[in-house]
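Some notes on the structure that comes next.
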Amino acid sequence: MADLEKLINEAKEAGFSDAVPLNISTLELRGDVRASCAENKCGQYGKNWTCPPACGELNELENRISDYRQGIIVQTVGELEDEFDFETTMEIFEKHQKTMIKFAKQLSERFERVLALGAGACKVCGECSYPEPCRNPKRRISSMEAYGILVSDICKKNGAEYNHGKNTQTFVGCYLIG
Ligand code: SF4
């Protein structure tokens with residue numbers, strides 16, 4: 001079994017603002033969350049291997065996560081000038097994605113099975129090759145939403161603050177370790 005306290009410290013050293021242990025039994029893959037992907041507000045539906053429909057149906061994803069025993073939740077939190085500060089929001093988002101990729105690589109060098117779920121479509125190799133074959137199937141990172149996970153709910157169930165106060169922005173991810 002992995003030393004979660006050590007992993008949490010390492011996650012913070014890698015650049016995350018916060019990290020907490022994830023109780024795997026709290027992971028709930030919800031059809032309503034997943035359905036919101038089809039609204040395509042992010043423009044990635046049907047354009048990335050880690051987004052619906054290419055990432056697989058919820059029952060397939062449920063099977064995929066079913067034999068992981070441990071995990072951590074990670075967050076990247078930043079301050080905005082005001083609630084309309086889109087530029088800083090995107091900077092925080094990009095920082096979160098880069099840290100997700102970096103820490104996933106770190107973990108995969110030590111653990112046989114690691115599943116990273118982040119925010120937004122996979123950016124491991126910049127522009128996704130979809131529908132051509134994925135360039136890095138072992139490293140690709142789906143979003144928690146694509147797995148039907150309600151981010152605020154999973155944070156609450158695991159004691160992670162989700163709302164860090166007025167004019168802050170939080171992006172969330174998790175790592176499952178087999
Ligand atoms: S690793 Fe590259 S090709 Fe594969 S899903 Fe991610 S961005 Fe797309």
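Read the figures in this text as sums done on the coordinates, not as results from a lab. Please read these numbers as outputs of a predicted model, since none were measured by experiment. Here the Cβ is made from the backbone with ideal geometry for all residues, glycine too, and neighbour counts use every protein chain on show.
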Next on the checklist: I want to check the label-to-label distance for Ala35 and Phe86. Put each point 7 Å from Cα in the C-beta direction and report it in nm to one decimal.
Outcome noted: 2.8 nm
Checklist entry - For the stretch 4-177, what is the per residue volume of the convex hull drawn over the alpha-carbon atoms, in cubic angstrom? => result 114 Å³
Checklist entry - Given a Förster radius of 22 Å and the C-beta distance between Glu161 and Leu4 as r, what FRET efficiency does 1/(1 + (r/R0)^6) yield to the nearest 0.05? => result 0.75
Next on the checklist: 5 Å is the cut-off here: which amide hydrogens, built 1.01 Å from N in the peptide plane, fall below it relative to Leu80, excluding neighbours closer than 5 in sequence?
Outcome noted: Thr168, Gln169
Checklist entry - What aspartates and glutamates could a cross-link reach from Lys6, if we take a straight Cα to Cα line under 19 Å and drop same-chain neighbours fewer than 8 places away? => result Asp18, Glu109, Glu112
Checklist outcome for this item: Scoring only Lys, Arg, Asp and Glu (+1, +1, -1, -1) among other residues with Cβ under 12 Å from the Cβ of Asn9 yields -3
Checklist outcome for this item: Length gained if Glu94 through Lys138 is fully extended, taking 0.36 nm per residue and subtracting the Cα-Cα distance, is 13.7 nm
Checklist entry - Build a GNM of the chain with springs between Cα atoms under 10 Å: which of Asp18, Asp153, Asp82 gets the top mean-square fluctuation? => result Asp82
Checklist entry - For the stretch 76-122, what's the radius of gyration and Dmax over Cα atoms, in angstrom? => result 13.4, 43
Checklist entry - Toward the positive end of the charge dipole of the stretch 19-103, about the Cα centre and with charges on Cβ (Lys, Arg +1; Asp, Glu -1), which of His96, Thr76, Pro21 goes farthest? => result Pro21
